[in-house]
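Notes for the one structure printed next.
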Amino acid sequence: MTRNDIDVIVVGGGVVGNCVAGFLAEAGKGVMLIDEGKGGGSTANAGSLHVQMQSRFMQLYPQNVPGMQRQLPLYPKAVRFWQALEKKLGADFEIKKNGGLMVAETEEQLAFLHTKAAQERSLGLEVDILDRADLDRMAPYLGPAVIGAEICFDEGKLNPLKCNAAIHRWLISLGVVLREGEAVKTLKREASGFRVETATGAVFRSGMLVLATAAGTAPLAGQLGIHIPARAEPLHMNITEATAPMIGHLVQHADRMITLKQFATGQIVIGGGWPADIVGDRNHPTVRLDSLIANATLARHIAPQISPLRIIRTWAGVNTSVDGKGVLGPVSSVEGLHFAIPGDAGYTLGPLSADMVANMVLGRDPGEDMTDYTPMRFA
């Protein structure tokens, strides 16, 4: 492919940008994908397939709850899309949809879950409330402090390392031009499309541009006169040594920051939103000791059987938050410009969001009413 063969430039090589590039290439478009190669959301993701509303986001961003509720029906659809993509690529993503448990330790927390579950049922989610006897049968690994839980039957987990590798191979097989480890320096609108200059001095042009740049969107969009209030939220994660199968669900908490899940390797991933820092010249997400201690302590409290396990690695990733909803689709004031930023739990929504944006780039029906997700809502 020559520079003159580039129909679309996609900026951002996370799961969303990669899938947008792949879907466009499958449709016969000449695609270049430019990615700065810095650790972000997809490369550091812990592998949760979220569907129910996360109590953590509801507490931190109450102003975003209406947006979360509006987007909620996309989440079970997104999980099914992951399963279809796994089959399509002939890959093993280690997807397990055994359900997700949001646990409660007090009657007040349980009442919150009852209210939340009623809202979610009204929006089409399949959820239920379990008492302690139910949990003893279903999740005996939960500690005695847990008195009940909400179960969301569509939730689960996958292995993001396997997913990312398989999607990367797919892009190569489709002939997508990959410019990896190369940050975009300037974006300009020209009569024939867009001029993209990277930090190496390379210049590329295309008639269409897709920004799948997550938390890095604001400064790039600003160069084109567009305001997108995407912000970075660095988060801490831990993983233990391998052990026998124990935790079969995605586990969360009604009032505290925790996620627990176990990979097929036997390792248990402990996350849930404890803060990390962004430091250094490259703004690299970096772990915090206080988050490591608090995260591990809460995990032991919720699932005491994991107490003897050693934590073998900690790392930090970046969640992107806007207003509880994704920023997906074209900008009416800048012809040829599209955004591809999922809502909260962006890895779960990633491939589905990418498919909808790719369809809009191609002039096809995205399969959903995209009015609520338009970038123009910030104009």
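The values are calculated or read from the model by the stated rules, or taken from the named source; none is laboratory data. The model shown is predicted, which means the values in this text are computed figures rather than measured ones. Neighbour counts run over all protein chains shown; Cβ positions are idealised from the backbone, glycine included. These accessible areas exclude ligands, DNA and RNA; they are computed on the full protein's heavy atoms, side chains included. Shrake-Rupley method; radii C 1.70, N 1.55, O 1.52, S 1.80 Å.
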Note to self, the chain gives a 222 nm [θ] from helices alone (DSSP H runs n ≥ 4, -39500 (n - 2.57) apiece, / all residues, nearest 500) of -9500 deg cm²/dmol
Low-density loop trypsin sites (Lys or Arg not before Pro), the stretch 295-379, at most 16 other Cβ within 10 Å, DSSP non-H/G/I/E/B, are R310, R364
With every protein chain in place, the accessible area of S333 for a 1.4 Å probe, in Å² rounded to the nearest 10, comes to 80
Rounded to the nearest 10 Å², the 1.4 Å probe accessible area of L250 is 0
Phi-derived 3J(HN,Hα) across the stretch 91-103 with the Karplus relation (6.51, -1.76, 1.60, θ = phi - 60°), rounded Hz, x for Gly and Pro, is 10, 10, 8, 6, 6, 10, 10, 8, x, x, 10, 10, 8
Once normalised by the length of the chain, the mean sequence separation of its alpha carbon contacts under 8 Å that are 6 or more apart gives a contact order in percent of 23
Taking a ≥ b ≥ c as the square roots of the Cα gyration tensor eigenvalues, with a/c under 1.5 meaning rounded and otherwise prolate when a/b beats b/c or oblate if not, the stretch 244-305 comes out prolate
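Just to be sure I understand: of the beta bridges DSSP finds with both ends in the chain, what percent are antiparallel, rounded to 5? Please report the intermediate quantities before stating the final value.
Numbers: 49 of 68 bridges.
Antiparallel bridges: around 70 percent, rounded to the nearest 5.
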In Å, the Kirkwood estimate of hydrodynamic radius for the stretch 242-367 over Cα pairs equals 17.4
Using alpha carbon centers only, the stretch 81-129 is separated from the stretch 208-228 by a whole-angstrom value of 32
Computed on Cα atoms only, the convex hull of the stretch 201-307 has an orientation-averaged projected area in nm² of 10.7
Sorting G367, P304, M58 by the position of each Cα along the dipole of the chain (Lys, Arg +1; Asp, Glu -1; all at Cβ), the one nearest the positive end of that ordering is G367
Placing +1 on each Lys and Arg Cβ and -1 on each Asp and Glu Cβ in the chain, then taking the dipole about the Cα centre, the residue among L74, G181, A111 whose Cα reaches farthest towards the positive end is G181
Here the Kirkwood hydrodynamic radius of the stretch 137-229, Cα-based and in Å, equals 17.8
Listed by chain and number, the aspartates and glutamates with an alpha carbon less than 13 angstrom from that of K185, same-chain partners under 8 positions apart left out, are D35, E36, E197
In debye to the nearest 20, the charge dipole size for the chain, taken about the Cα centre with +1 at each Lys and Arg Cβ and -1 at each Asp and Glu Cβ, equals 720
Note: the chain, point scatterers on Cα, Debye, no solvent; log10 I/I(0) at q = 0.10 Å⁻¹ equals -0.62
The size of the Cβ-based charge dipole (Lys, Arg +1; Asp, Glu -1) of the stretch 39-180 about the Cα centre, to the nearest 20 debye, is 780
Sorted list, accessible surface of protein heavy atoms, 1.4 Å probe, largest first, for T297, T217 is T297, T217
From the cross-link list K87/K162; K38/K88; K29/K325, the entries with a Cα-Cα span beyond 24 Å are K38/K88; K29/K325
For the chain, the charge dipole (Cβ of Lys, Arg +1; Cβ of Asp, Glu -1; about the Cα centre) points to a positive end, and the Cα of F194, S333, I278 closest to that extreme belongs to F194
